[in-house]
Each structure stands twice: as C-alpha cells, then as structure tokens.
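Notes follow the structure.
The values are calculated or read from the model by the stated rules, or taken from the named source; none is laboratory data. Everything quoted here is computed from the prediction, not taken from an experiment. Glycine also receives a Cβ, built like all others from the backbone with ideal geometry; neighbour counts cover every protein chain displayed.
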Amino acid sequence: VDAIVVAADHLRRETEGKHGFAAKRVMLFSNAATTFNDHSLKTILDSLRRQDIIVDAIGPTWGQQDEEDDNEENNHPGAPMDMNGHENGDENSDANRPTTNGHQHRTPKKPLTQQQQTGIRVIGEIVNTTDGTLFTFREALTILSVHQAKLVKPTATKYIMQLADLKLHICTYIQVKDNKPAIFRLKKVYARDPTTEIKVDRGRYTKDEQDQEIEKEELTDGFRYGTTFVPINKETLDEMKYQSEKCFAIIAFSDANMMRRSIYLGDTVYEVISEPGFEEEAQAFAGLVQAMYETNTVAIVRKCFSERSAPEIGFLRPHIAHDHICMYYIKLPFAEDLREFEFDNLDITKRNQLNEEQLKCIDNLITTMDLTHADRGGDEAFRPEVVFNPYVQRMFQSIARRAVTPDEPLSLSNTIMEMNETLLRSVASKSKRVLNTIYEKFGLRDTDRRQKITTGDALFGNIDSSTKRRLDENENVEEPTADSTAAPADSGSFESQAAAKKKAALRNIGTLTPVEDFKLLIEQGSPSFSEVSKQMCNIILELVHNSHADALFEKAFQCLQCLRETCINKLEPKVFNDLEILLKRQASTMDGRKDFWQKIIDEKFSLITSEECVESNVIPVEANKFLEEETPVENINNAGTTNEQDGDDEDLFDLI
Amino acid sequence: MLLRILDAIPYFETYLNSKHNFIEQLIVLSMSLLDQNWGGLDSNDEEALDDNYQGRQILTSRDGTLMLIECAQEMFESLSKTMKSNASIDDNDDESELKTGFQLVMRACQSFYQSKIISNDKDLSGIILYGTEKNKNTFDFNHIYILHELAQPSADRIIQLENLSNKDTYKKSFNDLFGSTPSKGYSLNEALWTCSNLFANSPQRLTIKRVFIFTCNDQPHATNLTLERQAKQRAKDLNDVGIQVEVFPILTETKIKFDYKKFFQDVLMLSDDELEVRNNQTPTGRLDELLKLVYSKEHKKRAYCTVPLSLGKSTDGTPLQLSVSVFNMVRPCPKPTKIKLDMKTNMETKLVTKHYLPETAEILMPSDIQYGVDVSNRRVLFDADEIKAIKKFTDPGFQILGFKNLSCLLPHHYVKPGHFIYPDEKYIEGSSCLFNALLKRCLEKNMFILCQFTARRNTPPRLVALIPQAEEINKKDPNDRLASNGFHVYYLPYADDMRTLPKNDSPRLPDDKVDLFKNVIRNLKFKYRPERFENPALQTLWRNIEATALNKDQPEEFTDLTIPNIENQNKKVAEYVDEIKQTIFPPDYVMGVTKRTAAKRKTDTGATSTSAKKTKADGDVDVEAAARNNSLTKLTVPILKEYCKEKNLKASGTRKQDLIDVIQKHIGIDE
C-alpha cells in the first residue's frame, strides 16, 4: 500500500505542469499479502481522488471473481511487489511492458491467508474509490501481453434513414473492421543512409520500342473496349458517372433467415443508432428495431455516402441488449458480384458414401473437439473477442525489439497456437485417439504431389516475387496476372521496374537464357549471391530433370560451368561442391541422370579444390577421387526412387 | 512457319485419309509451338504450371468462337413468322429493321461481340461467310469469305456489323464487300476446314473452340453426295480435335421447316433422342439467347488456392490431412480500369516507377532500399526479407482448432468476404469422403468448424469458421441449384478488429406501439435474392463506354432497382405510418429536416446541447473577427472550411494554413 503512495507521488511530480495526459493511472501489482496501515488509508484515498488518479490493481485473485472457495489459484508467497508507473497517453512504451511474468497461476491449491483476505478488501476499497478496475493475473496477462494499437476514437457518419414517409436521423459507427495499424505502413529509406527517405517518380512512357516519356498534359483518360481504346476525358467521365444522392433508404424487409453469411460483402460492420438529440425519432427508431427483432426480419437498404460515391446495397439486422439498442449494417452483393459456380453433390460419387462407423467417429471427433464450452468455467473457447491478431502482435514486438537491440536478428514467435497453447494442447490430446480411428476408417492417401512442390519452392523461394504481388490484397487475387516462370514477366514489381530501363527486368533466372540471367544478376548484386546461386542450382537440377534424353544437358552443363567459375571468383566453393555432390548422388538413383554425371566426368569437372579457391576444403586428390569413384549401386526398385530422391534434395537444401 | 507446314501438306488428298492427316498436322503443329517457347514458358503442360503455382493452374483460359454464316439467297428473304415474332421480343424498336435472316444473324453477332467485351474481352471470335461471290481465305476456296479473323472483339468490328444489319445500309455494304452467289456448288467442308485452320493458327491457346453455323438450309448438299460425305467427315474431324459445332437454323418465308435428320444429325453427332428434342424445339430459342445483350462479367471457375485441411496429429505423430480447393463465390465485380492514353496517338501508355534519392536524384536499386518506421524519435529499420518473415506464420492451409455451435456466431462477427471450399482428390485421395462426413455431421449438429487459415505462404493467419452448406435445389425448378454442398469459409474478426462504441440506451417502446412498426414491416416484406439488384454505377459506366466506343448518342437504358419506390411504399403502408406519426411525434414535427433547424429547435425548447452550434451568420462574424485579430489559427478546420464554401473561396490545399491564407486574402480584399 505504501507503494501506492510512492507511485502517486511519482506520478504527480512527473505530470505536474504538463498537459495532455488523458488519465493518470497506477498499476498495482500485489498478492495482497503485505502489511498495511489502516489509519493512513483514508488520507491516501482522499489525496488520490483529489488528483484523479485511477488505481488498477492486479493480483493473483480477487476472490469474488473466480471459484467460490477462493482457492482456485495460488500465489508465490514471496512474489515481489512490482509496480509500474504507466501513463496511458504514451503509445510507445512497448519496451517496458511486463511480458514475461514470473507469477504463474495453476500451481497447487492453497487457501488465502487471513492477511491476504483483509488485503483484498482494502485494495478493493481503493480501487472502487478511484474508479479503477480489478484484474486477476490471468486477465492482466491477456491485456498486458497484448500490444494495443492506438485506440480509434469512434466517429459517426450521419444519414437520414428513409422508410416510406418516415425520415429518421441516424448515426453509423464502424463496429468491426480489419485493424491495420498505420504504423505498419513503413517508409522506404535509403539503406546506406536511413535518414533519407526515398522519393518515387512515376513516369508515363509510350508503349513501343521508343519508350518516350509523355508529359502529364498530353495524357487523357480512357478505357479499353475490346481491343479498341476509347479516350474519355475527365469532364465527360464525370458527366457520365451515375448520379446519386446521399441516402440511406430502406427498400423492403426480408426474412432474416435468408441472409446467408456467405454472401456478406465489404470490409466493415457498421453500428447504426439514432442520432442523439432527436428524442421522438429515437423512439421511432427503437420501435423499428424492436419490431424487426420480434418479427425476425432484416431491412434491405440502399446506401450512398455522397453524391460522388457509388451507391451500395446492404442490410440492417436489429440488435438488442439490456443496455443497448442498435442495428448492424453489412454490405451485400450486387448481381454482378455473384459467381455462380456449381459443385456436384458429394453423395453422387459412390466412394463418398459413408458407413455408420465413419459417421460415428466424426461424431466422436466433434464431441471431443467441441469448443462451445471448452474454456475455463464452461465458457466458449476462442471467442473472437479475446483472440488477438498474431501478426499485429508480432509486428509490434519486432519493432520494439529492433528498436532496443538493432543488431540482433528478430525472433518470430506469437502465433495463435502459442497464445492459446494450454487450451489447444488439452483439446489435441483428447482428440488424438479419435484421429487414429478416422485415419483407419477413411484411408486417406497422400499422392505425394504436394511434397515435391513444397520442397522446391520453399527452399529456393523462387516464387516469392509472384506471390508477393498476389498478396497485395485479397480482393481480386484470382484475377489473372501475367504469370510466367520467365523473368521478364515480372515487370509489375517495383524492383524490376527500377531496372527496366537498364535492360530486361530481372529478378529470377529464367530457363531460357539462364547463364546470361545469372551473370546479370550477379553483376546487379541483387538479390544476394546466395539467393541467385540457389536459383541457379535449382535451374540446373530442373534442366537435368526435365531433359528428354540428353537434349538439355548441354545447357545445364553451361550453367554448371558458369556457376563453377562464379563460385571460384566469389570465394563460395561450397555452393558448387554441394551441388556436385547432389548430382552425383542423383546419378545413381535416377534413370538417365547417369549420362549427365558421365559428362561431368568426361569434362573433368571436379569439385572446386583448395588450389583453385582458398575457401575450399577439398584437396585436389580428393576431387579426382570424387570423380573416379563408382556411383553407388543402382537402386533397382523404381518405386522407391522418387522418395529417396526427395530426401536427397532436402539434404542439399540443408547444406545450402 | 506454321502456315508453311500446313500448306506443305497435300490438302486435296482423299478424305478417307484426311482424318489421320489432320491429327498428324496438329501434332506437328503443337510440337513446333512447344519448340518455339520451350525455354521461355518452360512448358505448356499443366503439370509444370501446377507445380510452380499451386492452385493457379490455368494461365489463360480463352474461348474461341467462329460464326460460320451461309449467305445463300434464301438468307435475304423475309423471315418466317415464327422467327419474326420471336426475334422481336428483344428488339421491339427494330422490328421493322430486321427483315431478313442475314440481318438477324448480323445483329446476333453484334450482340455476341458486345456481350463478350463486357463478359470476357480476352476471348477470341471471328466470322466466316460462305456462299459469297467473292473469296478471301488462305486456300483460295471459292465462295468463302473471312469477314473477321479470330481475334478479340473491337469497336470497329461492331460498327461494321451494325452496318450489315441496318435496313438502309445492309444491302449495299453486303454487295460491295462480298455479294451472294447464285451457285449451289460451294462446299461446307471447305468452310469447316477454314474454321479449323483459323483455330489452328491462333496464337493463343484456346480452351474451348466453337463453331456456330447459321444456315437456312437443312440439306446443303442435297444434290452432291460427295460433298455431303466430305462435309460430314470434316465435321467429325473437328469434333475429334475438340472443336464443338453448333447449328442455328434460320427460317424464312420459303424455308419453314428445318429438319436436323436430313443432314445435321451427323454433323452435330446427335443421338436419335437428341434429334427428337432438337426437331421439336422452337428454332429461335438459342438464337434469341445470342441476340440478347448481356452486361455481365463472366467468371471462370477457378480455385483461389488448393490447400491441406489438417485435423491434427494422431498418436504416432502422423498428420491427418485432407485436401480442399478454395473458391471465391462473392467478390465485388471490378470496374473497367481507367487507362491513360497518349493524346496524340490515342495509344496506351505504360507506367514506370523509379525510386530515387531526393538529393542526388540517383536512381536506386531494390537492394538499396530498406523499410523504416519512426518510434520515439528513432528510426527502426527492416529488410524486405524481414518484413516477409514477420508475415509468415505457417504453411498455407486450414488447421482445425475445434468445433462450435453455430449460435456462437454473433451478428457483428464479420470482417471480409469469405470463400467456399470443396474437396480435392488430386493431392490427397479420400478427401471427398472425409469432407462429406464432416459436412453431414456438422449440418446435423448445427456446428461449424473453427480453423486457423493461412491462404498463402506469406499471409498472416486468420480465424475462420467453416459453415456447413447443404445442397439446396429450387423446389419449383429442379434444375435451379440455389446452393452447392460444401463449407463456407467465413472470416472471423480478431479482438483488435472490434471497436468499443458508445451505448445507445434509448427507451424501449411498449408492445402496442411496436405493433405499428410490425404492420409496416409486414406490408413491405419481400423475398431477398442477391441476384435481384444490379450495380447501378457499374452498369452505367459499361453502357457509357460502349456508347462512346460505338459513337452512339445514347447509352443503352438501365433501370436502377435499388432506388425504393417511395410512392409504392406509401401506398402500402401510409395508414400505419400516419398512425406512428400521430402516436410518437408532436403534431407539427417535420422529420428528417437538416441539422441546423434541428439545433434551433433544440435551443427553442431549451433542450440539451451546450456545444456551441453557431448559426451561419455567427460563424461568419467569428471568422472575420478572428482574421482581424490574427487568431484564425484558433478556429477549427470545419469552421474555416464552411466559411470558404460560403464565400466561394478556393483554398490551394486542404491544410489548415491553406484555408487561413485564402481567408486572410479574401478579407484583405474586402476591406
């Protein structure tokens, strides 16, 4: 309790003369086991109240909140009193957040001491007088381990809701929207001088060989109509635009059961309430909500934000809580937005028809993994209200860590899994047995196709740039872009656009002119050497792999030669040597690859030796021996070969 | 090169061999295509593409359609009655215009082009006329005229077709261009060969190839058996290489009946049952479909991604997975993209983005760029790779966390449009069966599956609810499937996404008053179906672009169904609304009036609101007074803006200082 005095004093001194602190707040960490002085309590309370300081207390348990017998959780008797002056206005106090908390709940049960019980009472009193809140450790952990993004002040957009002749003033607020903290929009800065922000120049050029720059004044808006270009200048376009007024008009009502969640559109849920200050209209609004609620209907609405924006269609769903009456607005699709794909009925195929046993084990699975009451106290587990976005958490953490220790690599933790580990583990352990039976009863068989894909992609990462572009936004992601494995098609990404002037935009090595691509990329110095050489290895393997007879061997060999030279120059013999080891191993396991290996031997294309490159730890004798050695005995069992080869790939990837 | 190959192959061989020849040609053809770009595109086979782009197998899937139109003299006779009445349903205004079969077909082609431009302008189409006086084709066949090569549609083509269907101009244009031949000796075989040749020469890979034959002649080679046999054989060849043939019969005054049995049964390869159906159909049904102008985008059924759905690990650690394809069923239809054109040439331009240093104007390479964020006066730096790593959590896929009752989904749990999943057997065999079992049981128990979903390698995961969906069929029409079976993927918000909002605890109304509203609702109820409403802004834009491209004065008309018909509504509920007005509102109350009078009303009644709601005049005085006192900066931006609007002042920017500058200038001039 003395600590509160200290904290309050500290706070007062710190904040005196300064404005702009929204709230003064003391976070009290206590197990309520320390002694305190009853007499001074009143004085302290008074002074706290005078200064508008809010005391939030965090302790192991506050009795009334957990199990009735008050001993559900224990505390470490010697837990140090911890305290922390924590001002709310400071958004950047990420660094001193108490994330790692030694106090763990769920240790052996032990009743609270007499001392603690009185302590709890007193703290409760303090907290109550100062309008603070009591938290248990568990609650506090969820709150504090979470980086709160800047609180958004709710702002209302006003409309007049029209229903036949009724016109009501309403306000809409954003209730749910994907939270993308503005701080995550990173600036592009110059790597060698981070204080300089990079400027972007966007120039228009003619789309022909001449590449002439066009001045802004010489440009006009237009559209494609088939292959015809239709120039339409801005004024005409504005005239053409669909004219609409700001509105929020109810078209009609529909049965709430017709509103399938799968057709919801847009990125926001709005809360709609009547605008304060219009009492009669508020009554009418409440009446409408109540009526809709009781008849289980929703209202279909045409909404238009302003004359300049396109109208949209959406629906209102009534919501009534004991202290709240509102409607939720969500956007709906237009006819053009629907894609009427059809899928066959699964029961038509005989293989998909189910027997009783199969259904029974699914029943079991659902029962064991039912989360509806799986959380403590029979609550719903994983309520969206308590699950935080792991990406947001991780990003804040990374920023904080990088700010404090700039030179250390980032540690990337914080997945939904980790954040809810105990719960998940208990569910998973329960379901294991059921999964076993499902495995038996359904006979799933992996066709191994994906395996091959993931190793190739994951390790050489050569689809990064195209995925990145795809990621830009989820909307229309499936729109066809100029996908192609060839590098020049990459001109969409900004990196290549920067290089566009220079020559062909290059980031990846294509199979068309791999040697040239490789050289250019090495010259460019970007991406990094290891990245580029990885790509090159991949290309070589691919060429050898896909070759009909020896059609592509010549090309592959040229690549190999080029890679070898570059590796020597760059003092990176390991890349080449590892590849050669892999090629040798493959030669033994795959039909036809032996010929390529033979070619390597014929050309005396040995490992890079320590004579050629100081970094190499291969001595010349070894290298010769490596070539001369017989390839391991051929594996006759063809079925096994593919798998083994996959394994080999992975070995190499580990090495790289 | 391709042409030479084709030319080199002796074409006038006996037709019995021609089938084999043709296939050989195709093989040569496709191999040479592959040869040409084996390096660039790696390979055209789906396997490789699939490997590189999971779930995005198909690069381009274009359709090709060729219209093969007979131009015999019968086509220029007046249409038969049935044709007329049917055709006029769609073209009321043009009833008098479309007199002949030829005009009708031209109009159909025109509509087809126009619809294609909206629905999928990457698709190729072309028009071949046969039975013409003049020739234009690669083989110098007589009486075959390629009007349009296989290409994307364009405004020029549409305008040309419009000329050919217009009653004033069609005769002249037609005779100038190609003319009709009186000879009966032209060969359908040659016409079909021309079609397949056009397809074969197409630079794009086509997934669907179609030939539409428009003819009024149900037995084109009645007098020449050889020609008839050749044509049938050719049709079969086309079918063998995947070209679909379709016939649109045109009936005229003299040709009243079109009997498929005479000739086209063999061409279309109809079974006897199908023949029966065809002969009983009204001949215009499908033609009407072509004539209809459709402003709607076409969507190819294509998976957004194909990923594993993992149920967990069994005791020995083997993961239990099934494979699902993810589809997007509802997405905002994109507006036509605005492009920048060079004014001088009206040609497309391209955008080049350069990153440069502000001081030296030095162009930077990607490796020179880092990403920074300013935190407490310090710039924190990341590499592009690190940003990527932060975003990557798990490999793509669904990870089941558990099951929940559907009632756990609250009305406001929504963040963004979802997906639909359907099992995929390609990666994991047996997926459909397990999927089906999960679906059945979830439906029965009213449960959804809670999953963590990672769509792509570098996308952060989200919580999703897999909501079971049973197949729903329209009871009135068994062919109308309302919903397919599968799971809807429904995104759930995170705690960070939900905001705390002010509570609205206005008093509830007693039941008898609520009943008044129920009456209103009951009388304004309808059955919502999403396909009912078209997007007014999008439709207007499409129509306007079309009108500009085709030099029309007026765009096609569009009715906006989203505007509620207040009059109609009033008719239905006026009495209840009046009752509501009487019970809730004071007699002279005007609803929905602007805020200003409302504020006044409030001050009149001495109600709340002490926040200084100034009337306009007051505001003006304040602003001007403040300007004189040089204390404009103390006023809020909305007040300044309002003032500028009032006095018609245009600020150079939207920053406060810009507003202040312009106001000061204005007042300075005033004085």
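Residue B:524 - would you say it is in contact with a strand residue (DSSP E or B) (Cβ under 6 Å, 6 or more places away or on another chain), in contact (Cβ under 8 Å) with a residue 40 or more places away in the chain and in the same structural domain as residue B:453 (by TED's automatic domain parsing)? So residue B:524 does not fit the description; no.
For region B:401-421, how many residues are in a strand (DSSP E or B) and crowded, with 22+ Cβ neighbours inside 10 Å?
To start, the set of residues in region B:401-421 that are in a strand (DSSP E or B) comprises B:401-405, B:419-421.
In the following step, the residues that additionally are crowded, with 22+ Cβ neighbours inside 10 Å were identified as B:401-404, B:419-421.
Matching residues across region B:401-421 total 7.
Examine region B:436-443 for a residue that is out of contact with any Leu (no Cβ under 6 Å at 6 or more places or on another chain), part of a loop (DSSP other than H, G, I, E, B), of a type outside the set (Lys, Arg) and at the interface with chain A (Cβ under 7 Å from one of its Cβ atoms), and state whether such a residue exists. It would help to see each step written out before you state the result.
Of all residues in region B:436-443, those out of contact with any Leu (no Cβ under 6 Å at 6 or more places or on another chain) come to B:438-443.
Subsequent filtering for residues that are part of a loop (DSSP other than H, G, I, E, B) retains none.
Within region B:436-443, none of the residues are out of contact with any Leu (no Cβ under 6 Å at 6 or more places or on another chain), part of a loop (DSSP other than H, G, I, E, B), of a type outside the set (Lys, Arg) and at the interface with chain A (Cβ under 7 Å from one of its Cβ atoms).
Is there a residue being in contact (Cβ under 8 Å) with a residue 40 or more places away in the chain, within 7 Å of chain A (Cβ to nearest Cβ), under 21 Å from residue A:371 (Cα atoms) and touching a Pro at 6+ places or on another chain (Cβ under 7 Å) anywhere in region B:403-413? Within region B:403-413, one or more residues are in contact (Cβ under 8 Å) with a residue 40 or more places away in the chain, within 7 Å of chain A (Cβ to nearest Cβ), under 21 Å from residue A:371 (Cα atoms) and touching a Pro at 6+ places or on another chain (Cβ under 7 Å). Scoring residue B:374 on the criteria (1) more than 7 Å from every other protein chain (Cβ to nearest Cβ); (2) surrounded by fewer than 21 Cβ atoms within 10 Å (Cβ to Cβ); (3) under 28 Å from the mean Cα position of the chain (by Cα) leaves a single failure, condition (3).
Go through region A:182-206 and give me each residue that's in a loop (DSSP other than H, G, I, E, B), surrounded by 14 or more Cβ atoms within 10 Å (Cβ to Cβ) and out of contact with any Gly (no Cβ under 8 Å at 6 or more places or on another chain).
Those that are in a loop (DSSP other than H, G, I, E, B), surrounded by 14 or more Cβ atoms within 10 Å (Cβ to Cβ) and out of contact with any Gly (no Cβ under 8 Å at 6 or more places or on another chain): A:191, A:198.
Among the numbered conditions (1) among the basic types (Lys, Arg); (2) under 35 Å from the mean Cα position of the chain (by Cα); (3) not in a helix (DSSP H, G or I), the only one that residue B:388 does not meet is (3).
For region A:256-266, which residues satisfy the criterion of being farther than 11 Å from residue A:315 by Cα and facing another protein chain (nearest Cβ under 7 Å)? I'd like the intermediate steps shown before the answer.
Filtering region A:256-266 for residues farther than 11 Å from residue A:315 by Cα gives A:257-258, A:260-263, A:266.
Residues satisfying the conditions are A:258, A:261, A:262, A:263.
Residue count for region A:217-255, restricted to those that are farther than 30 Å from residue A:292 by Cβ and facing another protein chain (nearest Cβ under 7 Å): 16. Residue B:359 meets all of the listed conditions (1) over 33 Å from the mean Cα position of the chain (by Cα); (2) surrounded by 15 or more Cβ atoms within 10 Å (Cβ to Cβ); (3) charged (D, E, K, R) but one, namely (2). The residues of region B:556-571 that are within 8 Å of chain A (Cβ to nearest Cβ) and over 26 Å from residue B:330 (Cα atoms), listed by number, are B:566, B:569, B:570. Looking across region B:219-238, the residues that are over 13 Å from residue B:186 (Cα atoms) and surrounded by 18 or more Cβ atoms within 10 Å (Cβ to Cβ) come down to B:232, B:234, B:235, B:237, B:238. Can you find a residue that is buried (at least 22 other Cβ atoms within 10 Å of the Cβ), closer than 30 Å to residue B:491 by Cα, at the interface with another protein chain (Cβ under 7 Å from one of its Cβ atoms) and not hydrophobic (A, V, I, L, M, F, W, C) anywhere in region A:273-285? Within region A:273-285, one or more residues are buried (at least 22 other Cβ atoms within 10 Å of the Cβ), closer than 30 Å to residue B:491 by Cα, at the interface with another protein chain (Cβ under 7 Å from one of its Cβ atoms) and not hydrophobic (A, V, I, L, M, F, W, C).
Looking at region B:201-230 only, could you name the residues that are within 16 Å of residue B:243 (Cα to Cα) and either at pLDDT below 85 or β-branched (Val, Ile, Thr) (or both)? Give the derivation first.
Kept after step one, since they are within 16 Å of residue B:243 (Cα to Cα), are these residues of region B:201-230: B:201-202, B:204-213.
Scanning region B:201-230 gives B:201, B:202, B:204, B:205, B:206, B:207, B:208, B:211, B:213.
Screening region B:157-267 for helices (runs of 4 or more DSSP H) wholly inside it with 1 or more residues that are β-branched (Val, Ile, Thr) and farther than 24 Å from residue B:115 by Cα returns the ranges B:188-201, B:225-240.
Checking the structure you have, find out if any residue of region B:340-347 is more than 7 Å from every other protein chain (Cβ to nearest Cβ), of a type outside the set (Ser, Thr, Tyr) and surrounded by 19 or more Cβ atoms within 10 Å (Cβ to Cβ). Spell out the reasoning first.
Residues of region B:340-347 more than 7 Å from every other protein chain (Cβ to nearest Cβ): B:345.
Subset that is of a type outside the set (Ser, Thr, Tyr): none.
Within region B:340-347, not a single residue is more than 7 Å from every other protein chain (Cβ to nearest Cβ), of a type outside the set (Ser, Thr, Tyr) and surrounded by 19 or more Cβ atoms within 10 Å (Cβ to Cβ).
For region B:124-146, the candidate set comprises residues that are surrounded by fewer than 21 Cβ atoms within 10 Å (Cβ to Cβ) and in contact (Cβ under 8 Å) with a residue 60 or more places away in the chain; within that set, the residue that is nearest to the other protein chains (Cβ to nearest Cβ) is B:138. Applying the criterion of being charged (D, E, K, R) and touching a residue at least 12 places away in the same chain (Cβ under 8 Å) to the residues of region B:292-318, the residue that is farthest from the other protein chains (Cβ to nearest Cβ) is B:292. Residues in region A:349-374 that are among the hydroxyl-bearing types (Ser, Thr, Tyr) and closer than 20 Å to residue A:436 by Cα: 2 in all.
Any idea which of A:282, A:249 is at pLDDT 85 or above, assigned by the TED database to the domain that holds residue A:164, small (Gly, Ala, Ser) and assigned to a helix (DSSP H, G or I)? Exactly one residue qualifies, and that residue is A:282. When the residues of region A:152-169 are narrowed to those that are assigned to a strand (DSSP E or B) and within 19 Å of residue B:563 (Cβ to Cβ), which ends up farthest from the other protein chains (Cβ to nearest Cβ)? Ranking the qualifying residues of region A:152-169, first place goes to A:159.
When residue B:394 is tested against the conditions (1) closer than 26 Å to residue A:381 by Cβ; (2) touching a strand residue (DSSP E or B) at 6+ places or on another chain (Cβ under 6 Å); (3) without any contact (Cβ under 8 Å) to a residue 12 or more places away in the chain, the lone failure is (3). Total residues in region A:616-629 satisfying the condition of being modelled with pLDDT under 70 and in contact with an Asp or Glu (Cβ under 7 Å, 6 or more places away or on another chain): the figure is 0. Evaluated against (1) modelled with pLDDT of 75 or more; (2) surrounded by fewer than 20 Cβ atoms within 10 Å (Cβ to Cβ), residue A:536 falls short on exactly one condition, (2). Within region B:282-290, is even one residue β-branched (Val, Ile, Thr), surrounded by fewer than 16 Cβ atoms within 10 Å (Cβ to Cβ) and in contact (Cβ under 8 Å) with a residue 40 or more places away in the chain? Checking region B:282-290: at least one residue is β-branched (Val, Ile, Thr), surrounded by fewer than 16 Cβ atoms within 10 Å (Cβ to Cβ) and in contact (Cβ under 8 Å) with a residue 40 or more places away in the chain. Of the residues in region B:114-123, at least one is surrounded by 18 or more Cβ atoms within 10 Å (Cβ to Cβ), part of a loop (DSSP other than H, G, I, E, B) and touching a Lys or Arg at 6+ places or on another chain (Cβ under 6 Å). For region A:295-306, the criterion of being in contact (Cβ under 8 Å) with a residue 60 or more places away in the chain, at the interface with chain B (Cβ under 7 Å from one of its Cβ atoms), surrounded by fewer than 22 Cβ atoms within 10 Å (Cβ to Cβ) and under 27 Å from residue B:331 (Cβ atoms) is satisfied by no residue at all.
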